[in-house]
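Written below as C-alpha cells is the structure these notes are about.
Since every read-out is calculated from the coordinates, none of them should be taken as a lab result. Fair warning: this is a prediction, and the values are worked out from it, not measured in the lab. Backbone-built Cβ (ideal geometry, glycine too); neighbour counts: all protein chains shown.
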There are 2 protein chains.
Amino acid sequence: MRGGVSTGSASGEVLVVGLGPGPEAWLTPEASSALAEVGHVVGYAPYVNRVPQREGLRRHASGNTVEVDRARHALDLAVAGERVAVVSGGDAGVFGMASAVFEAAEDPAYAGVRVRVLPGVSAVQAVAARAGAPVGADFAVMSLSDRLKPWSVVEDRLRAVAAADLVLAIYNPASRSRTEQIGRARDVLLEQRKPDTVVIVGRDIGRAEESLTVTTLGELDPASIDMKCLVIVGASSTRVTEAGQVWTPRYVR
Amino acid sequence: MRGGVSTGSASGEVLVVGLGPGPEAWLTPEASSALAEVGHVVGYAPYVNRVPQREGLRRHASGNTVEVDRARHALDLAVAGERVAVVSGGDAGVFGMASAVFEAAEDPAYAGVRVRVLPGVSAVQAVAARAGAPVGADFAVMSLSDRLKPWSVVEDRLRAVAAADLVLAIYNPASRSRTEQIGRARDVLLEQRKPDTVVIVGRDIGRAEESLTVTTLGELDPASIDMKCLVIVGASSTRVTEAGQVWTPRYVR
C-alpha cells in the first residue's frame, strides 16, 4: 500500500497537463486555468520550472527517466487529498506523462483516483507548423528510443511506415547515451525511400534558440541530431517551396 | 494571373490558423491574437462562424469540399494587401487547410506570398485526452477518405499499420456519401488485429453534445460512425481501466 490508504478506498484526482512546446502563446487557456488552481505541480524539472511560482503552489521537480516514480508521487498526493497536476512538455498524451500516470495508477492502492488529461500543442505540430505543412497527409509518430521497447520493434515499424509511404515524425531521435539510433533509422528508411526524401530537423522549436533545418534522407547527418531535436521524414510526395517551406499534398495520384 | 498582380511580384501573407476542436479553452493565445488582428477570415462555414464578429473583420464562409478554391480566395486577398487568416478546426496542419493553401500557392501568381501556419490542438489529441492516453505509444494518423487518394492506397496503409501494431487514429471515417469505408477498414484491420482490440469513437469532442464510446474492433458497428466521429484503434497492448479509461503502455515487452 502507498499513501497509507487501504486498497480500493483511494480517491482524488490527478490532472495531466500538456504545456505545449515552450512559449506561453501555445499554452491553452484550459491548461493555464488548471495550473492556477492546483496545489502541487509534479514533473521533469524543465517543465515544472515553466509553471510560475505562486503562493500555495508546491513544485516537485524530478529527473528525466523516472516517469513512473513521478506519477506515483502525484497519485500519492491525490490520495492524500491534494490538488495535483503532472506536467509534460508538448501534449502529455504524445510521448508525455499521460501513459506513465495510467501505468502507475494500475496499482490497487490508487483505485478510485481519477486521471484527467488536458491536451496541448505537441512538438510534432510545432515543428510541422514552423516548416509549413509536412504532416498534411497520412503520417506516423514514433519514438526512436529503445529504452522501453526492443530495437527490433523499432526497425519493423520503420520498415512498415516506409513501405506504406507515410510521413514519419520521430520523437527521441537521440539522447546523450543513445547516438546511433538515428543513423540506423536513416539506413532502414533508405532501404525503401529515395535519398532525396525531404527531412526536417526541428531543434528547440518554440524557444528563443529554435532552429529548423530542411535536408534529405541521403544527406541527413546523424551527428547533427541530439535530444533537443524532432525529425520529420517526408513521404515520397513531400516537397519544398522556393521559399524553403515543406508541405505534403493531401492527394495521392 | 489572379488578383491582377504580375507573376512573381506578389507579396503579402496568409496565416493558417488551427482553432482547436471547439471550445475557447483549447484555442491557443497565439491563435486568438492572430485572429484579433486580421481583416479577413476565410474557411469552412462552421469554423469561420467560431471567429467572433467585430468591426473591421470580414468573414468569408464556404462549403466543405472546396479547399483549394478557398485557399485561392485567401491568397488573392493577401496579394491585394489584405491581412487574412484561413481557419481550420483542430490543427490546420493535420487534415486541415494548411496543405491546401500550399497547394494553391504553387500557382506563380502567388509567388512571394508568405504562408505562416499556427498550430492548434488537433481532434485526435482531444479525443485521446478525453479517453485517457490511447496514443501514448507509437501511432499513425490516417484519413479514410478516398476523395483524394485511391482506396487501394488506404487499404495498403491500413495493412502496414496493423502489421506494425501501431495505434491508429482515423480522420474522416465517413461522410454522407461515404458510408462503407469504415466497415471495410475494420475488416482489413481484422485480418491482422484481434477482435478484442480496443476502439474509441469520439463524436463532437469539445462540444456540448460530445460523446465517447469505448468498444472493440470486433463489435464496432459501422452504422454508428458518421462525419462527426474520430476513431482510434488501439495497439495490441492498449487496455481499458476499471473506470473505462483507455491507455496504451509506453513499453513493448
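General remarks:
- Taking amide H as placed 1.01 Å from N in the peptide plane, the amide H of residue A:60 sits under 5 Å from that of A:41, A:42, A:43, each at least 5 places away or on another chain.
- Size descriptor for region A:38-85, Kirkwood hydrodynamic radius: 10.7 Å (Cα pairs only, one decimal).
- Share, in percent, of DSSP beta bridges within region A:110-246 that are antiparallel, nearest 5: 70
- Amide proton proximity set for residue B:111, modelled H, under 5 Å, gap of 5+: B:8, B:10
- For region B:208-213, backbone phi angles converted through the Karplus equation (6.51, -1.76, 1.60; θ = phi - 60°) give residue-by-residue couplings of 4, 8, 4, 9, 10, 10 Hz, Gly and Pro being listed as x.
- Computed from the Kirkwood radius of its Cα pairs, the Stokes-Einstein diffusion coefficient for region A:1-109 at 10 °C and 1.306 mPa s stands at 115 µm²/s.
- Rg to Rh quotient for the protein assembly as shown, alpha carbon positions, Kirkwood Rh: 0.96
- 3J(HN,Hα) along region A:98-115, derived from phi through the Karplus expression 6.51 cos²θ - 1.76 cosθ + 1.60 where θ = phi - 60°, amounts to 4, 5, 5, 5, 5, 4, 5, 6, 5, 4, x, 4, 9, 4, x, 6, 8, 10 Hz, with x in place of Gly and Pro.
- Rounded to 5, the percent of DSSP beta bridges in chain B classed as antiparallel: 40
- Cα-based reach from residue B:194 at 13 Å (exclusive), listing aspartates and glutamates while leaving out same-chain residues under 8 positions away: B:165, B:219
- Computed Kirkwood radius, in angstrom, where 1/r is averaged over Cα pairs of chain B: 19.3
- Binned Cα-Cα distance frequencies in region B:123-203 - 5 Å width, integer %: 3, 14, 26, 26, 20, 9, 1
- 0 to 90° range, to nearest 10: angle between helix B:67-79 axis and chain B longest Cα axis: 30
- Cut-off under 5 Å, modelled amide H: who pairs with residue B:216 long-range: B:199
- Of the GluC sites (Glu not before Pro) in region A:175-253, the ones in a loop by DSSP (not H, G, I, E or B) with at most 15 other beta carbons within 10 Å are A:180, A:191, A:209, A:219, A:242.
- Listed by chain and number, the lysines placed with their C-alpha closer than 25 angstrom to that of residue B:228 are B:149; residues fewer than eight positions away on the same chain are left out.
- At 7 Å out from Cα toward Cβ: residue A:62 inter-copy label distances (nm, ascending): 5.0
- From phi via Karplus (6.51, -1.76, 1.60), per-residue ³J(HN,Hα) for region A:17-29 in Hz, x at Gly/Pro: 10, x, 8, x, x, x, x, 3, 5, 10, 8, 5, x
- Two-decimal Rg to Rh for region B:108-155 - Kirkwood Rh, Cα set: 1.14
- Here the contact order of chain B, divided by its residue count and restricted to Cα pairs under 8 Å and six or more residues apart, works out to 20 percent.
- Treating each Cα of region B:154-253 as an identical point scatterer and summing with the Debye formula, the log10 of I(q)/I(0) at q = 0.25 Å⁻¹ comes to -1.47.
- Each 10 Å bin from zero holds the following percent of Cα-Cα pairs in region B:56-120: 21, 58, 21.
- Whole-number D in µm²/s for region B:30-170 (Stokes-Einstein; Kirkwood sum over Cα pairs; 4 °C, 1.567 mPa s): 77
- In nanometers and ordered shortest first, the copy-to-copy spacing of the residue A:236 label point, defined 7 Å from Cα toward Cβ, is 2.9.
- Peptide B:147-156 shows a mean partner chain C-beta count of 3 within 10 Å per residue C-beta.
- Note on B:238-245: average number of Cβ atoms from other chains within 10 Å of each residue's Cβ is 3.
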